[in-house]
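Novice: Structure below; questions to follow.
The values are calculated or read from the model by the stated rules, or taken from the named source; none is laboratory data. Being a predicted model, the structure only gives us computed values, none of them experimental. Neighbour counts are summed over all protein chains in view; Cβ atoms, including those assigned to glycine, are modelled from backbone coordinates with ideal geometry. For accessibility, only protein heavy atoms count, side chains too; no ligands or nucleic acids. Shrake-Rupley method; radii C 1.70, N 1.55, O 1.52, S 1.80 Å.
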Amino acid sequence: MEQDMKKILIGYLIDGNSGGIDKYLMNLMQSVPFEDGNVQVDFLTNRITEVLQSAVSRYHSRVYAVETLKHPIQQFKQMVSILRENQYDVAYFNISTALNCIGAAAAKKCGVKKRIIHSHASGIDENNRLKREILTFLNNLIAKTYLYRQGTDFCACSELAGMWLFPEKIVKSDRFQVIKNTVDTKAYVYSPAKREAVRKAFHLEDKFVVGHIGLFGYSKNHAFLLKVFQQVYAQNPKAVLLLVGDGVLFDEIVQQTKLLGLQDAVLFLGRRNDVADLLQAIDVFVLPSNFEGFGIVGIEAQISGLSCIFSSRVPKEVAFTDHCVFLDIDRENSASEWAKQIVNTGCNPERQDNHALAEKAGYGLKTQSVSFLLGEEE
């Protein structure tokens, strides 16, 4: 019956396939019991596209477009209209900065009983230092004084991400929980045959491949990675840096590669939908991030049996195997330390199948809980 249906509004999607939040939400939807016929899940976005409509069509979800933060008053009015028209039981906001507080405020104004705020970051992804410092200040101000007052329940992909968006008293309370990002673990299992095929396709048969996957922005720290790889390449002329992703700094990093004389040793593959296969071709995975909410790509890399080198600013929870090293990125000799670690790690010809370990650690799709989303109000 209509009155028994739980109605949930979730924000915010890009196209169902771009970035960590999209991937998390699409994986989460696989655990929602739609077959019972008593759950309706709708989504918020800034722009409705055919790709996005296709991604959510299997769930019979409606998608509502609202203005960006450049038009906060208009966004608030749109949110209020959507919430009042549909009378949602739950509003679930997945955000990376407290500046994105308008949805939660609108939900509180409209009397939505369960208002969940989920933090997916631990910093501002802005390359301009002054802008980044201003936005960080504003985030901290809003997070500690305003945002948390708009919610009833609080989540994060790591405790570090929780501390970024909420006061410590919230993170240490029973109103907060860490929700693990999950992946299709079997898709990333190491396959020697796939490795051989992918390496052959990219002419990497005899190469030492250092791999990185992520958007080209401040958070992923590609400029530092190029400095590291320059030293790796000097020690091993067969080294290749494989970069997957795109973003606002893509052209700048391509230019830096040429200035460093590395254009013949760096592969820019752009945005891909075959990451699981590309991981097979890599020998060492690196994630020298300036910050991460979690770093789910680190989970994927470990499942495929790769040795991983992470920035010390990546949450330690990402390591579920013994083949992970955390290194500083801001010391005078950090680049040299990274290069030494990469070279010493080398290629592991007998990679392990770690998908069972990932499942046990709670990163498998079947372990994804939706009780926080569907649970009864107290």
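Novice: Out of the total accessible area of segment 110-198 (probe 1.4 Å, heavy atoms of protein only), what percent is carbon and sulfur? If you can, show how the numbers build up before the last one.
Specialist: On the way: 2340 of 4410 Å².
Within segment 110-198, the accessible surface is 53 percent carbon and sulfur.
Novice: Right, next: In whole Hz and in residue order, list the ³J(HN,Hα) couplings for segment 298-306 that follow from phi through the Karplus curve 6.51 cos²θ - 1.76 cosθ + 1.60, θ = phi - 60°; x for Gly and Pro.
Specialist: My calculation for segment 298-306 gives x, 5, 4, 5, 5, 4, 7, x, 7 Hz in order.
Novice: Turning to a different aspect of this structure: So for the pair R84, H71, with labels modelled 7 Å out along Cα→Cβ, what separation do we get in nm?
Specialist: Using points 7 Å along Cα→Cβ, the separation is 1.9 nm.
Novice: If I fit a long axis through the Cα atoms of helix 192-201 and take the longest principal axis of the Cα atoms of the chain, what angle between them do I get, 0 to 90°, rounded to 10?
Specialist: Roughly 80 degrees, rounded to the nearest 10.
Novice: Enter the angle in degrees (range 0 to 90, nearest 10) between the Cα long axis of helix 222-235 and the first principal axis of the Cα atoms of the chain, meaning the one along which they spread out most.
Specialist: Tilt relative to the chain: about 20 degrees.
Novice: Contact order normalised by length for the chain, with contacts defined as Cα pairs under 8 Å and 6 or more residues apart; what percent is it?
Specialist: Over the chain, the number comes to 15 percent.
Novice: When N counts the residues of the chain, how does its alpha-carbon radius of gyration compare numerically with 2.2 N^0.38 Å, as a ratio?
Specialist: That works out to 1.02 for the chain.
Novice: Determine the order of D42, D36 by accessible area, beginning with the largest, at a probe radius of 1.4 Å.
Specialist: D36, D42
Novice: Hey, what number do you get for the chain at 222 nm if only DSSP H runs of n ≥ 4 count, each worth -39500 (n - 2.57), divided across all residues, to the nearest 500?
Specialist: Helices in the chain give a 222 nm mean residue ellipticity of -10500 deg cm²/dmol.
Novice: Right, here's the next one. Please get the size of the charge dipole for the chain, origin at its Cα centre, with Cβ charges of +1 on Lys and Arg and -1 on Asp and Glu, quoted in debye to the nearest 20.
Specialist: Value, rounded to 20: 700 debye.
Novice: For N128 and E168, FRET efficiency with R0 = 25 Å and r from the beta-carbon atoms, rounded to 0.05? Kindly include the intermediate steps, with their values, before the conclusion.
Specialist: Numbers: r = 29 Å, r/R0 = 1.16.
Efficiency at R0 = 25 Å is approximately 0.30.
Novice: Then there's this: Taking loop as defined by DSSP and a crowding limit of 16 other beta carbons within 10 Å, which trypsin sites (Lys or Arg not before Pro) in segment 164-242 fit? Mind dumping the intermediate values first?
Specialist: Details: sites: K169, K172, R175, K180, K186, K194, R195, R199, K200, K207, K220, K227, K238; in loops: K172, R175, K180, K207, K238.
Filter output for segment 164-242: K172, R175, K238.
Novice: Could you give the nm distance between label points at R62 and Q235, where each point is 7 Å from its Cα heading toward the beta carbon?
Specialist: 5.9 nm
Novice: Straight-line reach from K114: which lysines have a Cα under 26 Å away, not including same-chain ones fewer than 8 places off?
Specialist: K114 reaches K6, K7, K23, K77, K144, K169, K172, K180, K366.
Novice: From the residues V112, G37, S311, which one has its Cα farthest along the dipole of the chain in the positive direction, the dipole being from +1 and -1 charges on Cβ of Lys/Arg and Asp/Glu about the Cα centre?
Specialist: Of V112, G37, S311, it is V112.
Novice: Continuing with this model, one more query. Calculate the FRET efficiency for L267 and N38 from the Cβ-Cβ distance with a Förster distance of 41 Å, rounded to the nearest 0.05.
Specialist: E between L267 and N38, to the nearest 0.05, is 0.25.
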